[in-house]
Structures are given as structure tokens and as C-alpha cells.
Amino acid sequence: MRPGCGIPVADSRCAVLKTIGCGELRAEHAGQPVTVAGWVHRRRDHGGLLFLDLRDSTGLVQVVFHPESEAAAAQVASGVRAEYVLQVRGTVQPRLAGTENADMPTGAIEVVASDAVILNAAETPPFSIVEETNTSEVMRLKYRYLDLRRERMARNLRLRHQVVKFIRDFMDSRAFIEVETPSLGLATPEGARDYLVPSRVHPGAFYALPQSPQQYKQLLMVAGVDRYFQIARCYRDEDLRGDRQPEFTQLDVEMAFVEEEDVLALIEDLYAQMAAVVGAKFSVPSPFPRMTFAEAMEKYGSDKPDTRYGLELHDLTEQVRGSEFQVFSRVIEEGGRIRGFVVPGGADIARRGVDALTDLARENGASGLVWAQFTGSGALEGLSADDVRSPVSRFFTPDQLGALAAACGGTRGDLLLLAAGPDALTSRVLDTLRRKLADDRGLADPNTLAFLFVTQFPMFEWDATEKRWSAVHHLFTAPFEEDVPLLESDPGKARSHAYDLVCNGQEIASGSIRIHSRETQLAVLRTLGIQFEEAYEKFGHMLDAFTFGAPPHGGIAPGIDRTVALFAGERDIREVIAFPKTKSASDPMTGAPAGVSARQLQEVHVALDAVARDAIAAGARVDAEEDA
RNA sequence: GGCCCCGUAGCGUAGCGGCCUAACGCGCCACCCUGUCACGGUGGAGACCGUCGGUUCGAAUCCGAUCGGGGUCGCCA
């Protein structure tokens, strides 16, 4: 049995080149003849006696070569180097007393070699497979097939398989069917930039790779497939981050005849059960807390709060109203608020540390940061000037400051942080500070997966650059029934049936109940500035479909990469993707993307512009081409 | 697209105006070593400091551009 898989491994019994996996050997195999095969992990040559650690997908085992009894095998072994592919015939034996290795699962035994065959020699690898050295990202990607030999990466790939397998089994058990949808689709005007694919047979026309199978899955609902899912690849041509790749994988889900609650219940079951199977070491809340968007913004200043620690935000506007501190009074006059939170034990943060927080607040648009540190311990009562350190002590008495901190749940020994301004600003600033402090002070328990649902997102947000409304989730998201009139009168106030699954400060899944009526869809498109004719040009198939009896439906799409990264304890989703791309969306291994021949361009009727020609002349991407 | 950081032997780093004909660790090569498991010992090879241009008597070290990588903001419905 392979660890964690539960299925007997065929090749450990039936194979010819090996009879058992290296890592499967145990004391119970003592005395058995075996054939093992794998990569030379380490070699310890004692001149006479020689040890090799042999590695395959099941793990490591020590092989020992005795030159006196098996000269030929020892001869082969002495010529072997790191990463050679080696087959060894021998006998499993208990190690000599006192030489067992408790750190290895196979440490009680060793294979005494009688025969060794080099199946393939290997060049010295460009970086160590054995050690977790900090090889540069390019190196790792260029030789990804070597990087993936590392234990950590092999473990991540296996975990990913388990997650995907769990999902398929779970969805199947809930009567969902997996349906594949096209990769070559129609470009959409809203949302991320599309990856375009030129058409050879339709000169001047382009397909777009899907940003998600959104439209197809809704059309499947109209088609009567009332429970659909897909492990779907999605493509977005936007700038990358550690948690963003140009192509990524989603669990795409859609259900008909459901309301919000049905979708949330399904996803909660999925993640709770998945955690029990692949993430047993994590503690997971049950049930998952629910929070509206408005609550999340009020308590955490974020729509994806990390709830593993407190540092909750509080509104102190009323308490400071009428103060002589101009910064506060002016903000209040202008309709802003004073919000803040308390850092338990934060009185120990040095002045330099507090200044760094102030800088961070400024970088996020605040004009400053008001703070107060309270010395000692115990309740915030009867404070004297010596008990409080604060740049605003001229404007507030020690007891006034103490009362503010107390309102945030603080005590002596704590640090109070206050930001003033419009909500959008204070939310942003305090969210940043909150995450920074949690990080600095190690407040987030790494063994907790704090799942929660955030609901009731607004329908629209104002795009100041484009000077128009844009959809917060996407343009097929259903508004609250009672908010439909707001679509025209006050779009910013309209709530939507959009929801997110959030975990540890990350958005893990995002979904919504969809619009299934043509009229509502047209109204939403109007708010977005898409008039009837354009709407039909871009979404005619959707609008038409809605006229043929579209059932109420909704869905969600959890990110597989982020989910696996979460369970793997990885910060960067590249660590759970077999062949990821760099931040500039290139692949150092294959050299993609690269130029193509003039003939290929002609065939698809594409001409390069001056920028492209200059880039080629300047040698952009030639590195990769040369290496390929 | 903006800002910040990085680019020195196969790998990871040090050096940050002349003492660098570039140092250290790992790896590599050779020899020695019969119980190791990051084996050990001795010896050795290996980079002209991403690329281009400039400043300077003199540059790995300063400046500019460029390429590549990373972070971050914008962006990512």
C-alpha cells in the first residue's frame, strides 16, 4: 500500500525490474530476496564497504555492498554517482545492532546487494536533489523534472492528486456529473484580459481561452444538467503573483433549482470532509462561520479576513467626537470615521517598530497613524501621564486614551492603533496593519484552517478610472430581489447573491446565484453601460437561452491550486503545480512563449507590430530559444 | 504600467572603487578509508564577476540602459 492512498500498488508486486518499492521495506521483509530499482540518493564509500541510499517514489532504503563476498556488485556500486538509475538484487537483512537509523522508515533493515545493474547513468545535476537548498526560481523551473524529484515536491504532487480525487469522488457521491467545456471560446468584454488564439480558417477572427467556464456551465443548467462540475483549466492574461498563475485550475460547480444556502452547504461539506481526509493535522471550524461583506469590512477591513487571530476593528467615532484634535474632527465633519484596534501586549513594540507601522499606514494612503501604548498590566483605569505613550497625549487625557483602548477590548500592556478617514481608506489601512502585526508577532496558528463564508457582496463598484460601474463578482450575478429597483436608482447600494469561501486571509472560492431572467440580465448590463445591441452581440446566446426556460441556478468555483497549497502548507501556488510559469508568464524549461516562423504567422493572418519587432531585435526571449 | 530588491565557479553566498591574478560552504575530480547514514581524511580542478555603454589613472565594486528573476501597488468581473 502506498502511504495515504489506500490502494495496493501493482508495480510493487508484479514488476520485473523491481519487486518492491524502496520505501516499502520493513523489518518484516528480513530474509527475503528482493529486487529494488531507483535513483542513487547518496553514496557513502568506505573504501571497502560501500553504502548507497536508493530512492524511488515510495521512499529511501539503504543498500550495502560487501566487496569481499560480492566483488562484482561492489565494483558497479563504486562507479555509480548521484542520480544514477540503479537496479539492485539482494537480500533484506536487519541492520547490525546499534546501526539502525530511527530517522528513516526503512532504518531497521538494509538490502545486502548481490548484484547491481546501472540502468542509466546521470550527469551531475545542476542543483542538489537531496538538499532543500534555496536554488533560484529560474533554475528550479528550467530543470523542473529534477526539482520535482525532491521529496517536498513529490509530496505536493501526490497531495494534489489526493485532493482532486477526493473532489471527484465527493461530487460523484452528490450526483454531480463532470462535463468538459471548450477551451476555444468567445472573448468577453468584462473582466480579465483574454488569451487570444487566432483562427486560420477565419482570417482576422480570434478565439479566447476561457477565464472560467462561466457561460458554458450556465448553459448546461438551461440544458437540464442540473448538477455539473469540472476540474477546469482557466486562463487570464494579467500580471502574476505568488498566488496567481496565467493558467490555473478551478473546481467549477453549478447547480439548478438551488438557492444560496444549497451551494454553501455543499461546499462546506466538501471542504470539511476534504480536510478530514487530506488535512487531518489542521483544525477546522465546524460549522464554517458566515459573515456578510458589510460585517467583514466593519470587523476586519477586508472581504477575506484571516480569522485565526483577533485584532478586530472598532468604531470610535462617537467617543472622539468633539475632540480638539483637528485631524479627527475634520474627518468626522467630512463624513469619515475613526476606527482602530488593539494589539495585545503591543506596548513592548519599540518606537522604531511603531514608526514602521506609521509608514505602512502612509503607504496605504493614510495621512498618519494615531497610536497609544499603555504600560504595566491590568485594567485601563486611573491612568497617569506616565502610563501612556502617545503622540496625541496633548489632545487626550490618559483616561480618554484608556477608554478608547478599553472600547477595543484592550488592557494595560497593549498598543492602540487608530486610523481616520472614509471607510474605504480606514479599512484598507487597518487591514494592512492587522495582517502585518499578525505576521510579525506570529499570531496566526499555522495548524488552523479558518474557513468562513462571506456573503451579500455588493453588485457593483465604481470604477474611477473608467468612470463607470463594474461588476464586483461578474455580470451574471443575481441581485437581491428587493434591490432590483436600485440597479437604476443607486447601483452602489444593490446587494448581490455572491459569496466567497475564505480561509486564512485568502479567497478560496467565489460564486453566486445567477440571473435566469432575460429582463434582469438586461437591466444589469444597462447599469454596466452595455446597451441592448452590444449586449446581444456579446451575450446573445445567454440572453436567448434565458428565454427558453432557464431554471434558477447558481454555483461556485474553488481554486484547486490555492486549496492544495493550503493543505500543503505552501505559500506559493507554484509549489503545487507541476510545471508553473514565472512571474512574466514564461517557462524557462521549454522557452515558451517564443516567436514562430513567418509562415506560421501568415497562416493565421497575424502581423507583428513595431513593438514586437523591436522586442525580437532586442533579443527578448532568445535566452530561452537558445536553451531549447 | 509604477516602485523596491537580486544577478559573482555546477549550486548557495561573501567581497561593494586599488590589498581580487576574486573568498567561503556544498558539489565535482583523484587518492586513502570495512558500518556509515549531512560518513571521514588528503590533494586538485573550476567563475573575469548577466549583457551593453559610461565615469575613473584604476570597476565585480559607482552611474545609465538592457535582459532575466523575485516582491509589491495597479491589474486580476
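The values are calculated or read from the model by the stated rules, or taken from the named source; none is laboratory data. Owing to the predicted nature of the structure, the values given are computational and were not obtained by experimental measurement. For neighbour counting, all protein chains shown are included, and Cβ atoms are generated from backbone atoms with ideal geometry for every residue, glycine included.
Structure data summary
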| quantity | calculated |
| --- | --- |
| Residue pairs meeting the criteria (Cβ under 8 Å; at least 6 apart or on separate chains; first within 12 Å of A:A74 (Cβ to Cβ) and among the polar types (S, T, N, Q), in region A:34-50; second at pLDDT below 95 and more than 10 Å from RNA strand B (Cβ to nearest atom)) | none |
| Breaking point among (1) at pLDDT 95 or above; (2) surrounded by 15 or more Cβ atoms within 10 Å (Cβ to Cβ); (3) within 26 Å of A:K583 (Cα to Cα), for A:H161 | (2) |
| Test: residue in region A:502-514 that is more than 27 Å from A:S302 (Cα to Cα) and among the basic types (K, R) | no |
| Qualifying positions in region A:182-212 - within 16 Å of RNA strand B (Cβ to nearest atom), without any contact (Cβ under 8 Å) to a residue 40 or more places away in the chain, touching a Ser or Thr at 6+ places or on another chain (Cβ under 8 Å) and not polar (S, T, N, Q) | A:A208, A:L209, A:P210 |
| Among (1) closer than 26 Å to A:A296 by Cβ; (2) among the basic types (K, R); (3) modelled with pLDDT of 90 or more, the one test that A:R412 misses | (1) |
| Residues (more than 16 Å from A:L401 (Cβ to Cβ) and surrounded by fewer than 19 Cβ atoms within 10 Å (Cβ to Cβ)) located in region A:314-336 | A:D315, A:Q326, A:S329, A:R330, A:I332, A:E333, A:E334, A:G335 |
| Subset of region A:213-242 that is within 28 Å of A:E603 (Cα to Cα) and touching a residue at least 40 places away in the same chain (Cβ under 8 Å) - its residue that is surrounded by the fewest Cβ atoms within 10 Å (Cβ to Cβ) | A:E238 |
| Close pairs (6 angstrom Cβ cut-off, 6 or more residues apart or separate chains): on the phi > 0 side of the Ramachandran plot and of a type in the set (G, A, S) in region A:404-425, surrounded by fewer than 24 Cβ atoms within 10 Å (Cβ to Cβ) and in a loop (DSSP other than H, G, I, E, B) anywhere | A:G413/A:G345; A:G413/A:S377; A:G421/A:G336 |
| Single condition A:V112 does not satisfy, out of (1) in a strand (DSSP E or B); (2) among the hydrophobic types (A, V, I, L, M, F, W, C); (3) more than 8 Å from RNA strand B (Cβ to nearest atom) | (3) |
| Qualifying residue in region A:55-67 (condition: near RNA strand B (Cβ under 6 Å from one of its atoms), outside any strand (DSSP E or B), among the polar types (S, T, N, Q) and surrounded by 15 or more Cβ atoms within 10 Å (Cβ to Cβ)) | no |
| Residue in region A:92-100 that is within 15 Å of RNA strand B (Cβ to nearest atom), modelled with pLDDT of 95 or more, touching a helix residue (DSSP H, G or I) at 6+ places or on another chain (Cβ under 8 Å) and farther than 19 Å from A:A565 by Cβ present | yes |
| Helices (runs of 4 or more DSSP H) enclosed by region A:507-604 - at least 1 residues per element that are within 14 Å of RNA strand B (Cβ to nearest atom) and under 34 Å from the mean Cα position of the chain (by Cα) | A:518-527, A:532-546, A:560-568 |
| Residues that are in contact with an Asp or Glu (Cβ under 9 Å, 6 or more places away or on another chain), near RNA strand B (Cβ under 7 Å from one of its atoms) and under 17 Å from A:M589 (Cα atoms), drawn from region A:116-157 | A:F127, A:T135, A:M139 |
| Region A:357-400, subset loosely packed, with under 14 Cβ neighbours inside 10 Å and not in a loop (DSSP other than H, G, I, E, B), residue modelled with the highest pLDDT | A:D386 |
| Those residues of region A:564-593 which are surrounded by 19 or more Cβ atoms within 10 Å (Cβ to Cβ) and β-branched (V, I, T), in sequence order | A:V564, A:I573, A:V576, A:I577 |
| Residues of region A:404-437 that turn out to be within 12 Å of A:V342 (Cα to Cα) and not in a strand (DSSP E or B), as a count | 15 |
| Qualifying residue in region A:443-463 (condition: out of contact with any helix residue (DSSP H, G or I) (no Cβ under 9 Å at 6 or more places or on another chain), within 16 Å of RNA strand B (Cβ to nearest atom), closer than 30 Å to A:P485 by Cα and not aliphatic (A, V, I, L, M)) | yes |
